[in-house]
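Below: one structure, written as structure tokens.
Bear in mind these aren't lab numbers, they're just calculated from the coordinates by the rules spelled out. For clarity, every value in this text was computed on a predicted model and none was experimentally measured. Note: ideal-geometry Cβ built from the backbone for every residue, glycine included; neighbour counts use all protein chains shown.
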Number of protein chains: 2
Amino acid sequence: MNSDLKKNQQIILLSRPTGWVTPENFKLIESDMPAPAENQVLIRNHYLSLDPYMRGRISDAKSYAQHVNIGDLMVGGAVGEVIESRSSTFNVGDSVLAATGWQLFAAMNADQVTKIDTSRVRASAYLGVLGMPGITAWRGLMEICEPKAGETVVVDAASGAVGSVVGQLAKHLGCHVVGIAGGQEKCRYVVQELGFDACVDHRSSHFADELKAQLPTGIDCLFENVGGSIFETLLTLMNPFGRIALCGMVSEFNQPPHAYRTLRSILVNRLKLQGFIVSDKMDAWPAIRSNLHELVATEKLKFRESVAMGLSSAPTAFVGLLKGENFGKQVVKLT
Amino acid sequence: MNSDLKKNQQIILLSRPTGWVTPENFKLIESDMPAPAENQVLIRNHYLSLDPYMRGRISDAKSYAQHVNIGDLMVGGAVGEVIESRSSTFNVGDSVLAATGWQLFAAMNADQVTKIDTSRVRASAYLGVLGMPGITAWRGLMEICEPKAGETVVVDAASGAVGSVVGQLAKHLGCHVVGIAGGQEKCRYVVQELGFDACVDHRSSHFADELKAQLPTGIDCLFENVGGSIFETLLTLMNPFGRIALCGMVSEFNQPPHAYRTLRSILVNRLKLQGFIVSDKMDAWPAIRSNLHELVATEKLKFRESVAMGLSSAPTAFVGLLKGENFGKQVVKLT
């Protein structure tokens with residue numbers, strides 16, 4: 001064990017973004033190697049997760065979670081291996097998942113670390129399809145949308161870490177699934193690779209018309225990741241008694257709040273619109289992850305990753321994620 | 001029985017309103033006395049009900065119910081007595097409730113007529129607190145808001161037929177209840193007569209500040225009747241995991257759709273916002289009406305009526321209702 005000879009590297013928040021995030025809002029620093037205390041483990045991270053929710057954490061606006069303060073380590077999940085253990089629960093060499101933040105090494109309390117099974121599924125999957133995004137997809141779809149076979153399910157950001165799971169799960173339930181994504185390449189992917197029935201490119205100049213053409217019988221379930229004018233249009237296409245899981249409004253991060261003029265549809269169509277945050281019910285995670293694990297291991301649930309190389313690439317990759325430049329779950333490979 | 005010697009009187013829709021409804025959109029006509037067919041009863045109406053939902057029925061906009069066509073009888077509920085019966089279920093003299101529309105006499109199928117018990121509660125109550133408005137209040141509060149003792153419940157149009165029941169039921173459940181109403185007189189009524197904890201006058205020039213002052217711990221349950229800028233403000237005051245029953249958006253009838261800029265609160269606070277229409281679950285009505293009847297008969301649920309006199313006054317009274325000029329449930333006394 002020579003970890004104490006090394007230095008750790010971390011990315012901290014240098015300044016709050018105004019409007020779009022830029023790589024200059026972050027800074028890579030060196031710090032001392034963390035030393036695990038009693039009941040802690042020392043983790044060497046292999047992959048960091050980059051996720052849209054992080055944009056909220058570096059904002060001043062009221063949100064559902066603690067802000068990252070200027071000078072603080074950026075928050076986030078990671079997978080890695082235990083390289084030193086002062087916990088009876090973990091052995092050196094264990095593959096683990098933990099919210100370490102953006103750094104190479106982390107000392108974590110054992111009860112905040114999850115052992116992961118990488119025998120059938122690769123470790124980075126636990127940041128996406130088997131991690132927060134996949135569980136988000138499951139909860140919003142199963143607990144709020146509750147789709148029935150034959151119903152029409154729409155999801156935007158359809159090729160992303162959450163949307164791709166939503167659509168595939170809905171297909172397994174026997175639904176008609178229409179995705180919305182940015183660009184023809186992503187649309188082709190969700191139809192040809194993931195098996196969605198259709199996908200509409202929201203960058204098209206005839207987006208609203210193309211969307212309506214794909215939804216001749218309306219929408220029963222909407223999994224909403226984007227917000228803004230796309231959501232405003234989707235509201236008008238909902239069927240009576242439709243259900244909407246409001247998971248994200250990423251389009252509102254960098255501009256004043258959108259003005260929604262189509263709320264009357266909620267009354268007229270007796271819709272249920274429900275916001276949710278996946279971390280509100282952590283008790284439910286193990287069972288959901290187990291279900292997803294089986295689907296991935298048996299190739300019934302496909303996923304795709306955008307891999308940035310090296311800790312220093314994380315800020316640029318994060319900016320790209322917010323602009324929709326990633327294609328699939330965005331991770332940063334550290335080793 | 002000399003009813004066949006009389007003429008019936010009806011109010012029909014003469015033209016669709018553009019913007020505010022006016023009395024000139026309606027016309028009083030004489031017509032032949034209806035003759036009940038087999039399994040029908042002939043009803044002499046005593047009270048007509050006037051309700052905000054009727055504004056939607058005379059509009060061209062897509063809604064949850066059939067439109068009234070030009071020249072058609074205006075729709076609506078009424079209470080009256082059976083004056084001729086060709087049904088084994090009803091006897092002459094029975095007090096009944098039925099959707100007869102705006103007319104003095106109506107021949108109705110027996111299975112569309114409800115016998116009412118007027119021994120402890122007066123007949124007109126079946127148009128308000130024991131009718132569609134009261135059952136609307138019950139369903140939205142109990143099935144969507146599901147308030148718990150100690151939670152804060154807000155209802156707008158608080159002195160109206162629906163709002164007054166919402167607030168009183170919430171008080172019986174042990175909630176802190178804040179009403180919103182138009183004018184000091186209505187506010188005094190809901191606090192002093194109905195027992196709300198507070199009421200804010202939305203006509204005040206400091207409405208938003210006064211509202212916030214009454215809600216230091218936020219809103220857990222919102223029963224929304226009005227929509228527009230009031231609803232937009234209320235959304236920002238919701239507590240995490242709050243529930244909103246969207247019952248009406250009466251403020252949107254006479255103007256372009258409101259642009260809501262505060263939807264992010266639904267995500268951040270994990271709110272449930274659900275639209276509903278009371279007539280979607282008619283099976284539930286008898287049990288709910290029975291609960292309400294007991295509360296009214298034992299004076300645990302108070303109500304107030306605005307009574308317009310004579311069928312010809314219905315159009316003017318309806319316009320007043322849409323402008324908030326009524327005070328309590330608006331009915332039209334016919335006999």
Region B:50-111, dipole about Cα centre (Lys/Arg Cβ +1, Asp/Glu Cβ -1), debye to the nearest 20: 240
Size of electric dipole in chain B: Cβ of Lys, Arg +1 and of Asp, Glu -1, about Cα centre, debye, nearest 20: 320
Region B:22-160 - Rg over Rh from alpha carbon coordinates, Kirkwood radius: 1.03
Burial ordering of A:GLU81, B:GLU24, fewest other beta-carbon atoms within 10 Å first: B:GLU24, A:GLU81
Region B:104-178 versus region A:1-52: alpha-carbon centroid distance in Å: 58
Order of A:LYS212, A:LYS272 under a 10 Å beta carbon neighbour criterion, fewest first: A:LYS212, A:LYS272
Ascending count of other beta-carbon atoms within 10 Å, so fewest first, for A:MET249, B:MET282: B:MET282, A:MET249
Average beta-carbon neighbours from other chains, 10 Å sphere, peptide A:253-262: 4
Gaussian network model of chain B, springs between alpha carbon atoms under 10 Å - residue of B:MET54, B:MET238, B:MET74 with greatest fluctuation: B:MET54
Surface/4 of the Cα convex hull for region A:132-279, nm²: 8.1
Choice from B:TRP102, B:TRP138, B:TRP20 showing the highest fluctuation, given a GNM over chain B with Cα pairs closer than 10 Å: B:TRP20
Reduced Cα scattering model of the protein assembly as shown, Debye log10 I(q)/I(0), q = 0.06, 0.07, 0.10 Å⁻¹: -0.43, -0.56, -0.96
Residue among B:GLN184, B:GLN66, B:GLN103 with the largest mean-square fluctuation in a Gaussian network model of chain B, springs linking Cα atoms under 10 Å: B:GLN66
Surface/4 estimate of mean projected area, convex hull on alpha-carbon atoms of region B:269-330, nm²: 7.4
Pseudo-label separations to other copies for A:GLN184 - Cα-to-Cβ vector, 7 Å, nm: 6.8
Where the Cα pairs of chain B fall when distances are cut into 10 Å bins, in %: 6, 26, 33, 23, 10, 3, 0
Hydrodynamic radius (Kirkwood) for region A:185-257, which is based on Cα pairs only, to one decimal in Å: 13.3
Between 0 and 90°, nearest 10: helix A:163-172 axis offset from chain A longest Cα axis: 60
Exam field: B:PRO216 pseudo-label spacings to other copies (7 Å along Cα-Cβ), nanometres: 6.0
DSSP bridge pairs, chain A: antiparallel proportion in percent, nearest 5: 55
Exercise: per-residue mean of other protein chain Cβ atoms within 10 Å, B:225-231: 1
